[in-house]
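Heads up: the structure comes next, in structure tokens.
Throughout, read-outs are computed from the coordinates displayed, never taken from laboratory work. Keep in mind it's a predicted model, so treat the numbers as computed, not measured.
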């Protein structure tokens with residue numbers, strides 16, 4: 001892999017991995033070792049967290065497609081060695097959160113994956129990517145669930161910052177890229193399409 005050709009993204013556009021055996025099985029020990037190394041990298045590389053959390057789902061049933069995707073992540077890392085978590089001096093230590101979701105991204109059970117990250121000043125310092133526990137019936141629901149997870153983390157981070165004498169004077173903004181989820185959060189009215197997740 002030291003002479004591999006770098007790629008610009010950690011996962012191919014539209015790639016869907018499944019536990020269904022469409023490909024030949026591979027040695028689980030080698031796959032687990034590679035994915036474990038990639039998991040270690042996520043401590044300083046939040047840009048690969050989504051695909052690594054996806055690869056972790058197939059530790060018990062890995063095949064050629066999964067191994068190929070894991071190698072692609074290595075190729076991405078090789079091309080982006082200068083990336084990582086960097087902290088720079090900022091005038092204001094404002095906590096800002098960003099959340100997103102892939103609706104029904106898991107081919108096996110149609111569950112979505114929630115992701116969020118938080119910045120404090122100019123540095124990213126808290127991030128997560130997890131499969132949702134329920135099957136979302138719409139993109140708005142998947143995004144709302146992801147935003148709710150980010151809000152829970154924001155509450156904890158605000159308490160932590162207060163303990164560290166860096167109290168946040170203003171409300172923490174969570175940026176969401178789905179207008180329906182934002183509308184539901186601003187006006188939580190119960191109706192047919194939202195009653196099952198509010």
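Under the rule a/c < 1.5 gives rounded, and otherwise a/b versus b/c splits prolate from oblate, where does region 40-84 land using the Cα gyration tensor?
Here region 40-84 falls in the oblate category.
Over the Cα atoms of region 95-186, each weighted equally, I'd like the Debye log10 I(q)/I(0) at q = 0.23 Å⁻¹, rounded to two decimals.
Results for region 95-186 at q = 0.23 Å⁻¹ read -1.08.
Kindly express, to the nearest 10 degrees and within the range 0 to 90, the angle between helix 139-163's C-alpha long axis and the longest C-alpha principal axis of the chain.
Approximately 70 degrees, to the nearest 10.
Bin width 10 Å, origin at 0, all Cα-Cα pairs of the chain: what percent of pairs per bin?
In whole percents, the pair-distance histogram is 8, 29, 32, 22, 8, 1.
For region 29-137, rounded, prolate or oblate, judged on the Cα gyration tensor with a ≥ b ≥ c (square roots of eigenvalues), a/c < 1.5 rounded, else prolate if a/b > b/c?
oblate
Just from its helices, what would the mean residue ellipticity at 222 nm be for the chain, if runs of 4 or more DSSP H residues each count -39500 (n - 2.57) and the sum is divided by every residue, rounded to the nearest 500 deg cm²/dmol?
Calculated from helices alone, the mean residue ellipticity at 222 nm is -11500 deg cm²/dmol.
Find the centroid of the Cα atoms in region 114-183 and in region 38-59, then give the distance between the two in whole Å.
Their Cα centres are 19 Å away from one another.
Could you work out how far helix 64-79 tilts from the main Cα principal axis of the chain, as a 0 to 90 degree angle to the nearest 10?
Long axis of 64-79 versus the principal axis of the chain: about 70 degrees.
Taking Cα atoms, how many degrees apart are the long axis of helix 28-41 and the longest axis of the chain, rounded to 10 and kept between 0 and 90?
40
What does the extension gain come out to for residue 160 and residue 186, with contour length at 0.36 nm per residue minus their alpha carbon separation?
Length gained between residue 160 and residue 186: 6.8 nm.
At each listed q (0.14, 0.20, 0.23 Å⁻¹), what is the log10 of I(q)/I(0) that the Debye formula gives for region 1-84 modelled as equal alpha-carbon point scatterers?
The computed values of log10 I(q)/I(0) come out as -0.43, -0.89, -1.16.
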